[in-house]
Amino acid sequence: MSAAVPSAVREIADGYAFTGPALDLGAVLLDGTAYAGAPVRVPLGVLNRHGLVAGATGTGKTKTLQLIAEQLSAQGVPVFLADVKGDVSGVAAPGEPGERTAARAAEVGQDWQARGCPAEFFALGGQGTGIPLRATVTSFGPLLLAKVLDLNETQESSLGLVFHYADRQGLELYDLKDLTAVITFLASPEGKEELKGIGGLSAATAGVILRSLTLLENEGAGAFFGEPEFDTAELLRRTEDGRGVVSVLELPAVQDRPRLFSTFLMWLLADLYQELPEVGDLDRPKLVFFFDEAHLLFKGASKAFLEAITQTVRLIRSKGVGIFFVTQTPKDVPGDVLAQLGNRVQHALRAFTPDDAKALKATVSTFPKSPVYDLGEVLTSLGTGEAVVTVLSEKGAPTPVAATRLRAPQSLMGPLEPAALRAAVDGSALVGAYRDAVDRESAYEKLAARAARPQAEPVPSGEPRREPEREPRREPEREPRREPEGRREKEDAGLLGSLLSNPALKSFARSAGTQLGREISRSLFGTSRRRR
């Protein structure tokens, strides 16, 4: 290292001199000068210890996500990105060289080359250009759905009772009309009679839930629930040359429903947790998941919901999945979750109001003490594309706090042209599996058939009762689901393991709403498992 590098900078850089594979974030920054000979890096193997990217609007958080995502992809790690503002799709295209990019690369010692990443584009329920991404109501579960509907804890408990009843009666909840039908039935005199043994659903609570479901449906959110349900194993794919696929979920079309998309992202994580085997600490994660606008997930959340999130974040690390929460200040994330985020990239904060000053002080208190920086001063003076960084070393210890001038992404820093985005979606191998919605027989049809069934006529003595004949229902034809390469099935012992290792039976269990499928999908965010 050059003698021109101050000793304080050299000491910081020594804390980032890792021996294994790592991502390059930028160069140490001191008194406005970036030292290219003092790189700031994060070991690949600690990214499943989760992280936080925070900072005020316009400070460069999105470009930081892009920088990390493209390096992960190049090293064979799949990535999931939530594109809230519509400007992340450029990760699929090579960047555009320019004077500012060249100057930034020279300042931080970066060998900048225009390079795009292999990418897939998704949209919630098809509201957007991407491949439609759906979930069935039964796998979404009552806790997550209660969050979307903004129910209180009493109403949330009642919704759990509805799911429990549907489980017991074999009433599959695929879409919102299925759930509406079950609630309407349970609020009827006949339904109340059936609920006597397991509790009750008051007319007032049923009315609140039904009105919330109607509002959700009127907003167009009904398209998010249904079949074919998205298989989260699709997020773990790599290309033939070993690069990780970057899955981009476009969200601009649903920005007015933030509670829905933030909760849907949590469903993806919960489903991944259930599907992936335990792997412990790997040399690189199986997937890194960026959770943008994270404050929306926690705002107004019930105690049960927060506990489920905390449990998911704590345990999914052992499945090889890393989560980065992206928000404005660390105080947006509950303390129990924040304590598990070992990697921190904090962009500039503003201190224009007393509340801002309080948030700044709280942020400083979450970083290790620094003998070099006055963090309160540094965090208010950082420029765009600069951040304060601390990560976990290869031994799991926090690295020294480093003010950092970040590298420039090598992919396009902006959205793809609409024609290019449409071509990428139309050319995807996943289009055939997910584009067209499927409406199979489920709770709505079964309850409608029950209501339409004629009352049994009196039968003369000695003559056997005859049930009315019903024509067999034809199931719609569906294209077979393609199993993504590299997918590993669970290796559970006994009969359950052999069933789940069978792709056909596993797909059936996930989508058909059987007792086994429902209990697996909703063990974290649904009702308790039923004893047999």
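The values are calculated or read from the model by the stated rules, or taken from the named source; none is laboratory data. Please read these numbers as outputs of a predicted model, since none were measured by experiment. In this analysis, Cβ positions are derived from the backbone assuming ideal geometry, glycine residues included, and neighbour counts consider all displayed protein chains. Each accessible area value is taken on the protein alone, full model and side chains, heavy atoms only, with ligands, DNA and RNA left out. Shrake-Rupley method; radii C 1.70, N 1.55, O 1.52, S 1.80 Å.
Taking the stretch 273-307 only, how many residues are modelled with pLDDT of 90 or more and open to solvent by less than 10 Å² (accessible area, probe 1.4 Å)? Residues that pass the stated criteria total 5. For the stretch 146-175, taking the residues that are closer than 21 Å to residue 135 by Cβ and hydroxyl-bearing (Ser, Thr, Tyr), the one that is surrounded by the fewest Cβ atoms within 10 Å (Cβ to Cβ) is identified as 165. Scanning the stretch 193-243 for residues that are in contact with a helix residue (DSSP H, G or I) (Cβ under 7 Å, 6 or more places away or on another chain), open to solvent by 60 Å² or more (accessible area, probe 1.4 Å) and not acidic (Asp, Glu) yields a total of 1. Residues that are open to solvent by 30 Å² or more (accessible area, probe 1.4 Å) and over 29 Å from residue 331 (Cα atoms) within the stretch 9-38 comprise 10, 11, 14, 17, 19, 21, 33, 35, 36, 37, listed in sequence order. Checking the stretch 374-387 against the condition returns no match, with no residue being touching a Pro at 6+ places or on another chain (Cβ under 7 Å) and either under 18 Å from residue 46 (Cα atoms) or open to solvent by less than 30 Å² (accessible area, probe 1.4 Å) (or both).
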